[in-house]
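The values are calculated or read from the model by the stated rules, or taken from the named source; none is laboratory data. Quick caveat, the model's predicted, so the values are computed rather than measured. For neighbour counting, all protein chains shown are included, and Cβ atoms are generated from backbone atoms with ideal geometry for every residue, glycine included.
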Amino acid sequence: MTVDKEEFARQEAELDELYREIIIDHYRSPRNRGKLPSPTVSREGFNPLCGDEITLDLSVADGVIVDVRYDGQGCSISQSSASMLTDAVKGKELEEARSLFRRFQAMMVGSGVADPEELGDLEALSGVRKFPVRVKCATLAWHTLDEALESLLQGKS
Ligand code: ZN
């Protein structure tokens, strides 16, 4: 499957203006981008439909995510979602982060109602739901996070 850049650009232009501004802000001014020198766990994610790549590093102490970084390349939705994720999970307990992943996932598949207070900037990604193929872009970083959390909660990294 080839990436239709023009089609993707058209989809992004069709997003609600407020949502688009938030996504573009995170894409242009990424939060917590880079790598941690000695992460507790590091996981890579790849979305073959779009070519998006994400590496997520977590530093965990006493069951709390004390630091988090992401690196990667791909479309604006995949990269801005990773930036929002790092903002959202920093300082959270592992189970809290997993619970946030589940609520975000529910919002993205349309079975959950987004609570703007709770999800913050993440709500902007709900606008991507009208382009089903792009939901994988928005959830890539989150599935990568879930894998990292799973390994931590299972006691292996
Ligand atoms: Zn993408």
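Of the residues in the range 62-73, at least one is among the charged types (D, E, K, R) and within 16 Å of the ligand (Cβ to nearest atom). Going by what's in this entry, would ALA106 be described as among the aliphatic types (A, V, I, L, M) and away from the ligand (no atom under 16 Å from the Cβ)? Against the criterion (among the aliphatic types (A, V, I, L, M) and away from the ligand (no atom under 16 Å from the Cβ)), ALA106 qualifies. Elements of the type helices (runs of 4 or more DSSP H) sitting completely within the range 58-157 and holding at least 3 residues that are over 19 Å from ARG31 (Cβ atoms) and without any contact (Cβ under 8 Å) to a residue 12 or more places away in the chain: these cover 94-108. Check the range 89-97 and report whether any residue there is out of contact with any Gly (no Cβ under 6 Å at 6 or more places or on another chain), modelled with pLDDT of 95 or more and crowded, with 22+ Cβ neighbours inside 10 Å. Yes, the range 89-97 contains a residue that is out of contact with any Gly (no Cβ under 6 Å at 6 or more places or on another chain), modelled with pLDDT of 95 or more and crowded, with 22+ Cβ neighbours inside 10 Å. Against the numbered list (1) at pLDDT 90 or above; (2) outside any loop (DSSP other than H, G, I, E, B); (3) surrounded by 15 or more Cβ atoms within 10 Å (Cβ to Cβ), ARG20 comes up short only at (1).
Considering each of GLU53, GLU12 in turn, give the residue that is at pLDDT 95 or above, of a type in the set (D, E, K, R), within 12 Å of the ligand (Cβ to nearest atom) and surrounded by 15 or more Cβ atoms within 10 Å (Cβ to Cβ).
GLU53
Residues considered: GLY34, GLY72. Of these, the only one that is of a type outside the set (Ser, Thr, Tyr), at pLDDT 95 or above and farther than 16 Å from TRP142 by Cα is GLY34. Checking each residue of the range 79-93 against the condition of being within 16 Å of the ligand (Cβ to nearest atom), over 24 Å from LEU36 (Cα atoms) and among the aliphatic types (A, V, I, L, M) gives no match. Looking only at the range 31-50, filter to residues that are within 11 Å of the ligand (Cβ to nearest atom) and surrounded by 16 or more Cβ atoms within 10 Å (Cβ to Cβ); which one of those is nearest to the chain's Cα centre (by Cα)? Here the residue is ASN47.
The single condition among (1) within 16 Å of the ligand (Cβ to nearest atom); (2) modelled with pLDDT under 95; (3) within 12 Å of the chain's Cα centre (by Cα); (4) not acidic (Asp, Glu) that PRO132 does not meet is (3).
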